[in-house]
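Asks: Quick one: the structure is below, and I'll ask about it shortly.
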Amino acid sequence: MIGILIEAKTKCPSCSSIIPINALVSKITCSACGKICNFNLDDWESILGNALEEVPYMEELEGSSSTIFSGNYNYEIVYGRQHPSFRDDKQKIDIDQAVKQIYQGWIANPLTGKKFSVRAVPQKYQLKFPGIKYLFCEQFELLPTSPLTEDQIETKSKIEPVYFNCPKCGGGLEIDGSQRLVNCRFCHASAYIPDDLWLILHPVKTVSRWYIWFDQYDRVFRWEQDLWDGVVDSQNNLYLVCESSNGNFKLVCLNQEYKPTWIKNKLDFKTHTTRGDIKLSLTTDENLILHSYDQDHLLLIDRNDGSVICSIPDLEQHPELKFKYWESVACDIDDSLLVYLNPEKKDAEGYSYYELLRFDLDLNPLPTWPDQKSEKPKWYSWITDLFKRTCGIPYFSGVKNRFEKLKDFEIKINIGSDGNYYFSYYNYLLKYNRYGEKIYYMEIPCNYLRGKVVGDSNGYAYALTGQSDDRNTLIRISPDGQQAETYVDSIKGGGLIGKEEFVLLSPSGYIFLLGYGGRIRVLSPDKKLIFISERSKKDEQS
Ligand SMILES: [Zn+2]
Ligand SMILES: [Zn+2]
């Protein structure tokens, strides 16, 4: 749980006076003109949205500010991370103590005796902003049911009646400031109270700091920007790597309610090119391997808490194993790593080429493909090896069995639940069996392929594709590559897929569709929508 401080204000749409927003409420009366300003849930989204997203990643006492131009109002907001504190002497509020006194609506500063509000967040805000638990130090007068009587609110000075002269007949009128327009009891004309007098009756309130007590682990995880990669484990936990605002990234583990189990935002694995976007793979004991084109090593991450187990290789001990330019890394079902990388070498004709290598988890080299062949006779591999030698290094389109070098670089590797290998390059898909023998090479029917191709335990492959007129569809390819059918259509086509950008498949057959800005859709193995995030829902409304 963390404390979030809020200082917010807007301008009255009628008279342009400052309206301090000193409480999480739906109505605030303009003290200058008496207009009642309404703040609906979308207004509150504008006010609190950035704070709830950013503050959990700030250090204590770090803060930020923003000016928001939204539909109904413009806001100026200061927000930051601070343990809720009494406003008079800045002492920290004892949260447990305050919660015990929540029934009375206030807690007194034990040193000064001054009272400050405490309340549980009202239900409609709790539904809109899951994770907000309690509110502290809101302005008492703004709360719909103020726990203090007017006399107890120290900030409110009792208003003395004021006299002014009717502008029409000059009669002396006693006014209390409850209405801007008064009726003259002598001439019955309506008289408008002038500004200077109105301000005496309604002193401008100042912005005062209030606090949100917030549990970021008790709400569906959101990310604001790009999703770089994801993997899903046998328990249907999702691991995602998301771009964050300062060019950094967050690595998160989400449980089956899509709430974070842990979040890591300070891993030392920076990237500096778009090509360096961090990618993930899962080892057989379901720890995570991070790789980036911009890094010269891999990171092995503990799935239980996101801590770094080790760097692969240990570069201090084995500097000779330093590789740059990791394009694709897949952890195989035998816990070896199949890696496609740029060895910074040139072939006989001077062209750069790329290598498919295999290592154990300590980066000790292993043969890329196993020695033992399947049914094929010995002469077969002899012929193919001869063919490789005579024809030089192929492009992806000309690939045969057991490739080890290619001239094309942007190859994505994925390993199906049944251990088959899927290599994709633009719209093209190559499938190998465990011996590196080609099962098929095909063009996937689409404008472009989104993310990597995933394979299930029965040999089917699934590809999220971009089709014409901006439709995304999930295509399923039969185990022999002979059939490619639309397995789940876009919403436009009467299906379930919105603007999600890549697909993950859990070992138990659940389909996860994910994308930019917090898009999540989850389908059960029988293609029923079982979860949709707020952001994906929004796509359907627009
Ligand atoms: Zn006003
Ligand atoms: Zn009059």
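The values are calculated or read from the model by the stated rules, or taken from the named source; none is laboratory data. For clarity, every value in this text was computed on a predicted model and none was experimentally measured. As a convention, Cβ positions derive from the backbone with ideal geometry for all residues, glycine included, and neighbour counts pool all protein chains shown.
Asks: Filter segment 31-69 down to the residues that are in contact with a Pro (Cβ under 9 Å, 6 or more places away or on another chain) and of a type in the set (A, V, I, L, M, F, W, C) and list them by number.
Replies: Selection gives Cys37 alone.
Asks: Just name the residue that is nearest to Gln179 (Cα to Cα) out of those in segment 35-54 that are of a type in the set (D, E, K, R) and buried (at least 20 other Cβ atoms within 10 Å of the Cβ).
Replies: So, considering only residues that are of a type in the set (D, E, K, R) and buried (at least 20 other Cβ atoms within 10 Å of the Cβ), the one nearest to Gln179 (Cα to Cα) is Asp43.
Asks: Next question, about the same structure. Keeping to segment 409-449, report how many residues are part of a loop (DSSP other than H, G, I, E, B), surrounded by 17 or more Cβ atoms within 10 Å (Cβ to Cβ) and not aromatic (Phe, Trp, Tyr).
Replies: The qualifying residues number 9.
Asks: Out of the residues in segment 175-197 meeting the condition of being within 13 Å of ligand 2 (Cβ to nearest atom) and not hydrophobic (A, V, I, L, M, F, W, C), tell me which one is surrounded by the most Cβ atoms within 10 Å (Cβ to Cβ).
Replies: Filtering first and then ranking leaves Asn183.
Asks: Which strands (runs of 3 or more DSSP E) does segment 231-348 wholly contain that include 2 or more residues that are free of Cβ contacts under 8 Å to residues at least 24 places away in the same chain?
Replies: It comes to 308-312, 337-346.
Asks: A follow-up question, please. Within segment 144-165, is there a residue that is within 9 Å of ligand 2 (Cβ to nearest atom) and modelled with pLDDT of 85 or more?
Replies: Yes; the residues of segment 144-165 include at least one that is within 9 Å of ligand 2 (Cβ to nearest atom) and modelled with pLDDT of 85 or more.
Asks: Another question, then. Just name the residue that is farthest from Ala23 (Cα to Cα) out of those in segment 36-58 that are charged (D, E, K, R) and out of contact with any strand residue (DSSP E or B) (no Cβ under 7 Å at 6 or more places or on another chain).
Replies: The residue in question is Glu53.
Asks: Something else about it: Filter segment 236-275 down to the residues that are small (Gly, Ala, Ser) and in contact with an Asp or Glu (Cβ under 9 Å, 6 or more places away or on another chain), then identify the one that is nearest to Glu410 (Cα to Cα).
Replies: Filtering segment 236-275 for residues that are small (Gly, Ala, Ser) and in contact with an Asp or Glu (Cβ under 9 Å, 6 or more places away or on another chain), the one nearest to Glu410 (Cα to Cα) comes out as Ser244.
Asks: Among the residues of segment 169-199, how many are more than 47 Å from the chain's Cα centre (by Cα) and either in a strand (DSSP E or B) or closer than 26 Å to Cys137 by Cα (or both)?
Replies: 10
Asks: Among the residues of segment 62-82, how many are closer than 18 Å to Ile4 by Cβ and assigned to a loop (DSSP other than H, G, I, E, B)?
Replies: Residues flagged as closer than 18 Å to Ile4 by Cβ and assigned to a loop (DSSP other than H, G, I, E, B) within segment 62-82 amount to 2.
Asks: If you don't mind, another one. Hey, could you check segment 23-38 for residues that are within 16 Å of ligand 1 (Cβ to nearest atom) and assigned to a loop (DSSP other than H, G, I, E, B) and say which is nearest to the chain's Cα centre (by Cα)?
Replies: My answer is Cys30.
Asks: So, of the residues in segment 39-61 that are touching a Lys or Arg at 6+ places or on another chain (Cβ under 6 Å) and not in a helix (DSSP H, G or I), which turns out to be farthest from ligand 2 (Cβ to nearest atom)?
Replies: Looking at the filtered set, the residue picked out is Glu60.
Asks: From the list Thr473, Thr486, pick out the single residue that is among the polar types (S, T, N, Q) and under 27 Å from the mean Cα position of the chain (by Cα).
Replies: Residue meeting the stated conditions: Thr473.
Asks: Turning to a different aspect of this structure: Hey, could you check segment 382-401 for residues that are assigned to a loop (DSSP other than H, G, I, E, B) and over 39 Å from the mean Cα position of the chain (by Cα) and say which is modelled with the lowest pLDDT?
Replies: Gly392
Asks: Being buried (at least 16 other Cβ atoms within 10 Å of the Cβ) and basic (Lys, Arg) is the filter; apply it to segment 1-34 and report the residue that is nearest to ligand 2 (Cβ to nearest atom).
Replies: Out of the qualifying residues, it is Lys11.
Asks: If you don't mind, there's one more thing I want to ask. Cβ-Cβ below 8 Å, separation at least six or inter-chain, first residue in segment 36-55 and among the aromatic types (Phe, Trp, Tyr), second modelled with pLDDT of 95 or more and in a helix (DSSP H, G or I): which pairs?
Replies: Correct list of pairs: Phe39/Ile47; Trp44/Tyr125.
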